[in-house]
Amino acid sequence: MTKKRSKKKSAFMKTWLVPSILLVITLLITGMIVYKIIDSNDSNANSPKQNGSKITSMAKKSIATYRQSLEQYATDQYKINLERYNQLSTTEKAAFDVEKITNSQVNASIQKQIGKSIFDDSFEKTDGLQPTTKTTVQLSANQDRYEVVSTATLGEKHSTVKQQFKVDFQVDQKIISDFYRPQYVAHTSKRIAIQNASNVLGLLASSNVKNITVDGSSCQHELRNGAYLNECLNDGNTTASNSKIMNDLSFQKFLPSFPTKEIKALDEAGINDEKLYFKKKIKDQKKKVKIYYLKDGQLTVDHLTKKKFTESNPFQFTSTETHLSSLSIDGEEAFIDIGDHSQTLRIDQLRLTGNAKLHFVGSGKVQLFIQSFSATDGSIIADGAKLATFYDSKAPITFSKNFTSDGFIYLKNADATLMMDTYKGNIISGGQHLLIDGGASPQSQFIVLPKGNLELTNRTSFKGSMIANAIVINQSSVTFAQPSELLRFPIQYPVYQEVRQYVLYSKLQEN
């Protein structure tokens with residue numbers, strides 16, 4: 001019995017007890033190892049080196065948050081401006097730079113943030129301490145860009161991270177070529193003044209809306225549903241007016257080509273040397289005398305020569321290009337037949353007196369290159385022909401109130417005073433001043449004075465569109481209409497495509 005029990009006890013020891021003891025020892029050793037690892041990790045997490053890295057990361061995160069906010073603001077402003085841009089006409093698009101405007105808006109927003117601090121304490125506590133960051137935007141040392149500075153604090157420890165940046169939009173664009181389409185009754189680079197009981201039916205546009213003023217005695221009529229109301233828009237000259245438009249389109253290329261080369265060629269070719277005359281018996285003269293109507297380049301129409309310029313027997317030039325030293329009509333009606341071709345006349349001096357009338361008949365085109373108007377008491381009439389007048393003198397000119405002309409006039413450099421119906425067509429000038437002293441538009445006209453100041457006064461009634469450096473409407477009325485003859489001034493506008501960059505950043509700097 002004893003031996004059997006001993007054998008059973010020995011078997012139990014081998015089968016269960018020894019392995020159990022070994023298992024307990026293994027678990028104890030494993031527990032000690034795990035404890036040391038955990039203890040080691042806790043020790044490393046709270047080490048000064050690890051805490052310093054955490055603080056720097058917080059500062060970087062605050063800068064990243066600021067950058068994200070800035071980029072979002074830039075993106076939102078760009079989308080708003082682009083949506084507005086896409087609703088504009090081509091004339092407005094040429095002056096509406098989405099990239100430039102958004103750049104300005106983003107810079108203005110940053111300027112307001114300079115010196116103001118953004119605090120963030122939303123980080124998880126470390127060792128019972130609350131981390132915080134303070135982020136500030138400031139100008140860089142050379143003030144050509146900004147600098148965002150973020151300082152993270154944990155207890156007595158601090159870490160500062162800096163990054164310089166500047167607003168630098170880079171947007172892919174496709175440039176579209178087009179031409180200026182009038183949509184304002186007056187469009188200037190600078191001032192528009194409506195004063196002394198003047199009336200405006202149309203939009204007023206300038207490079208800055210603050211340039212546009214309407215005094216209390218004048219009226220800009222409100223446009224509603226495509227029609228002007230019979231009441232004044234009293235907006236107190238606010239910049240928010242729907243009738244006062246900001247359009248800073250450059251007029252630098254808004255002068256058509258002047259025929260300088262053609263004029264020079266005719267001047268160099270010399271004066272017409274033809275001698276045209278007829279013989280006439282003169283009282284108290286024994287023989288008939290020669291009556292010249294063209295001699296030494298002087299074409300003369302008076303009571304003696306008028307029979308050579310009648311409607312039934314009009315005068316014709318022998319050349320399509322002629323240089324006259326003078327063309328003088330004294331109290332008569334003269335007819336010149338140009339047929340169906342182009343006739344170019346270089347006239348050193350044009351003289352109309354006694355309510356004279358000069359008719360160009362035919363279906364062709366007449367170009368008058370005039371160096372001087374010595375008298376303008378009369379009319380120039382295009383009976384079926386197309387008429388264009390080019391005045392190349394620098395001398396100021398004042399047209400007679402009786403003078404009228406078909407076609408348009410292009411004053412190369414001269415200042416001028418005329419009435420609204422002096423010329424039936426457009427008025428173009430490269431001069432510094434143009435005064436419209438009364439009269440009414442015979443048709444819808446285009447006044448183009450990109451370098452000078454335009455003044456309408458003395459109850460002038462204008463219909464059409466005006467472009468000038470500055471415009472004063474004084475005791476007059478202006479109404480917008482598309483010009484009867486549109487001038488094609490080239491403009492360009494972009495189609496905005498992919499945005500490649502809003503803001504340019506430098507590398508992060510850690511302190």
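Key figures for this structure:
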read-out	value
Accessible area in square angstrom per residue, the chain, 1.4 angstrom probe	54 Å²
Percentage relative contact order, the chain, counting C-alpha pairs under 8 Å, at least six apart	14 percent
The chain: angle of helix 98-113 to the longest principal axis, Cα-based, in degrees nearest 10	50 degrees
Calculated FRET value between K281 and Q482, using beta carbons and R₀ = 41 Å, to 0.05	0.10
Additional length obtainable on full extension of the chain from Q72 to V289, 0.36 nm per residue less Cα span	68.8 nm
FRET efficiency, 1/(1 + (r/R0)^6) with R0 56 Å, evaluated for D172 and Q138 via beta carbons	0.95
Cut-off 13 Å, label 7 Å out along Cα→Cβ of Q501, residues of the stretch 136-165 by amide N	165
Efficiency of FRET from Cβ geometry, H303 and K394, R₀ 25 Å, rounded to 0.05	0.10
Amide N of the stretch 209-225 lying under 15 Å from the label point, which is placed 7 angstrom from the Cα of L88 along Cα→Cβ	209
Added length on full extension, which subtracts the Cα-Cα distance from 0.36 nm per residue, S325 to H341	3.5 nm
Gained length - Q492 relative to K190, 0.36 nm times residue gap less alpha-carbon distance	106.6 nm
Protein-only accessible surface order, largest first, of E311, E156 at 1.4 Å	E156, E311
CD proxy at 222 nm, helix term only [per DSSP H run n ≥ 4: -39500 (n - 2.57); per residue of the chain; nearest 500]	-7000 deg cm²/dmol
Backbone N within the stretch 174-216 under 17 Å of label point (7 Å from S250 Cα along the Cβ vector)	175-180, 188-190, 207-208
Lysines whose Cα lies under 25 Å from that of K275, excluding same-chain neighbours fewer than 8 positions away	K264, K283, K286, K287, K288, K290, K295, K306, K307, K308, K357
Burial ranking of peptide ranges 291-300, 103-112 (average Cβ count within 10 Å, highest at the top)	291-300, 103-112
Protein accessible area in the stretch 105-246, 1.4 Å probe - carbon and sulfur %	45 percent
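The values are calculated or read from the model by the stated rules, or taken from the named source; none is laboratory data. Small disclaimer: the values here were computed from a predicted structure and weren't measured. Glycine also receives a Cβ, built like all others from the backbone with ideal geometry; neighbour counts cover every protein chain displayed. Quick note on the areas: whole protein, heavy atoms, side chains included, nothing else; ligands and nucleic acids left out. Shrake-Rupley method; radii C 1.70, N 1.55, O 1.52, S 1.80 Å.
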